[in-house]
1. Spin-label point model (7 Å from Cα, Cβ direction): what's the Ala114 to Gln69 distance in nm?
2. May I ask you to list the aspartates and glutamates whose Cα is less than 20 Å away from that of Lys113, ignoring any residue fewer than eight positions away on the same chain?
3. Here are some values of log10 I(q)/I(0) by the Debye sum over Cα atoms at q = 0.10, 0.12, 0.16, 0.21 Å⁻¹: (i) -0.49, -0.70, -1.07, -1.19; (ii) -0.28, -0.40, -0.73, -1.26; (iii) -0.33, -0.46, -0.76, -1.12. Which one was computed from this structure?
4. Leu80 to Trp124: extension gain in nm, 0.36 nm per residue of separation minus the Cα-Cα distance?
5. Just name one of Leu81, Gly91, Thr119: the one whose Cα is farthest towards the positive end of the charge dipole of the range 74-124 (beta-carbon charges, Lys/Arg +1, Asp/Glu -1).
6. Output ³J(HN,Hα) for the range 17-23: one whole-Hz value per residue in order, computed from phi by the Karplus curve 6.51 cos²θ - 1.76 cosθ + 1.60 with θ = phi - 60°, and x for Gly and Pro.
7. Mind checking which lysines have their Cα closer than 29 Å to the Cα of Lys120? Skip sequence neighbours fewer than 8 apart in that chain.
8. Report the extension gain between Arg8 and Cys46 in nm, rounded to one decimal, defined as 0.36 nm multiplied by the number of residues separating them, less their alpha carbon distance.
Amino acid sequence: MSAGPPMRPRSDLDELRDALRTFAAERDWEQFHTPRNLATALIVECAELLEHFQWLGDGPAARLPVDKQAAVREELADVLLYLVRLSDRLGVDLYAAALEKLEANARKYPVEKARGRSTKYTEW
C-alpha cells in the first residue's frame with residue numbers, strides 16, 4: 001500500500017490559504033466562493049492589474065510612480081488571494097502544482113535551446 005506523496009513542510013502559502021478560509025468562514029462567504037465565481041473574480045483582478053500598464057511602453061512600466069506602485073501592489077495581492085482561494089476550493093496544492101509546472105517548463109524549454117528566445121518551443 002502506497003503512503004501517498006511525501007509530506008512537505010508548511011509554507012507561507014499554506015498559512016495564507018488557512019487565513020483565507022477563516023476570513024471567508026467568518027463572513028459566511030463559502031456559499032459565494034464557487035470555482036466559477038472565484039475564477040471570474042480572479043480575471044477581473046488581473047484586468048485591474050493590467051489597467052495600470054495600459055498605454056505604457058516597456059520602459060516606463062518598469063518605472064511606475066510611487067502612487068502607481070502602491071496600486072499595483074494592491075492588485076497583485078488581490079490576484080494572489082483569489083488564486084489561492086480558488087486553488088483551495090478546487091483541492092489543488094498550488095505550491096506543488098507550481099513546482100510541477102516549473103519542472104515541465106524546464107523540460108519544454110531547455111536552457112541550451114530557449115536562452116534569449118521568445119519563440120514558443122513548437123517553433124524551433
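Just so you know, all these numbers are worked out from the coordinates, no wet-lab data involved. For clarity, every value in this text was computed on a predicted model and none was experimentally measured. All Cβ positions, glycine included, derive from the backbone under ideal geometry; neighbour counts span all protein chains shown.
1. Result for the modelled spin labels: 3.0 nm.
2. Glu103, Glu123
3. The calculated read-out lines up with (i).
4. Net length gain for the segment: 12.5 nm.
5. Thr119
6. Residue by residue, the range 17-23 yields 4, 5, 5, 5, 4, 5, 4 Hz.
7. Correct list for Lys120: Lys101, Lys108.
8. 10.7 nm
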